[in-house]
Amino acid sequence: MSVSVQTEDFDLARETAALTQGRSDCGAVASFVGLVRGASDGVSAMTLEHYPGMTERALGQIEAEAHARWKIAAVRIIHRVGRLLPGEQIVFVGVASSHRGEAFAACEFIMDYLKTRAPFWKKEETPSGARWVDARETDETAASRWDSSA
């Protein structure tokens with residue numbers, strides 16, 4: 001399992017390179033990096049909380065499900081917690097595979113499930129005060145498309 005929940009930032013180039021280091025069976029790497037939105041939404045900071053242990057297990061289950069659905073060689077999931085500022089990296093998902101189709105699909109699946117099934121709680125700081133971020137229906141809709149494609 002290659003899952004990390006951490007306060008520290010991550011190096012995108014290093015994490016991406018590590019997916020294929022020492023491997024010759026990979027022909028594709030797909031990745032996603034999520035950033036804290038800010039200026040246009042009036043958010044000055046975001047605090048992400050989680051339940052240690054439970055969160056890592058949930059991320060590991062998402063990774064295992066991706067491995068069961070697609071022929072992928074390697075996966076790396078990093079999710080940051082703590083107080084983050086606009087423009088800072090929140091999440092990294094990287095998937096290596098022999099072919100791009102599996103890499104793209106698994107990466108998108110993992111992100112959709114992270115948004116809807118991983119136990120994280122987000123609080124945004126705005127000029128009008130702090131507010132907890134509710135789940136979005138669009139995220140649930142995106143994740144639901146994977147329910148019948150096992």
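Here, each number is a calculation from the coordinates, and none is a lab measurement. As the structure is a computational prediction, the values presented were derived from the model and not from experiment. A quick note on method: Cβ atoms are made from the backbone with ideal geometry, for glycine too, and the neighbour counts reach across all protein chains shown.
Observations on the model:
- Estimated vicinal HN-Hα couplings, Hz - the stretch 67-77 in sequence order (Karplus 6.51, -1.76, 1.60; Gly, Pro = x): 4, 6, 8, 10, 7, 10, 8, 8, 9, 9, 10
- Its relative contact order, with pairs defined as Cα atoms under 8 Å and 6+ residues apart, puts the stretch 109-150 at 42 percent.
- Computed [θ] at 222 nm, deg cm²/dmol, the chain (DSSP H ≥ 4; -39,500 (n - 2.57); rounded to nearest 500): -10000 deg cm²/dmol
- Coil-residue trypsin sites (Lys or Arg not before Pro) of the stretch 75-150, DSSP, other Cβ within 10 Å capped at 12: Arg136, Arg145
- In the list (1) 64, 31, 28; (2) 48, 37, 28; (3) 51, 34, 31, the label attached to Cα extents along the principal axes in Å as derived from the coordinates here is (3).
- Close amide H pairs (under 5 Å, H built 1.01 Å from N) link Ala45 with Glu125, residues at least 5 positions away or on another chain.
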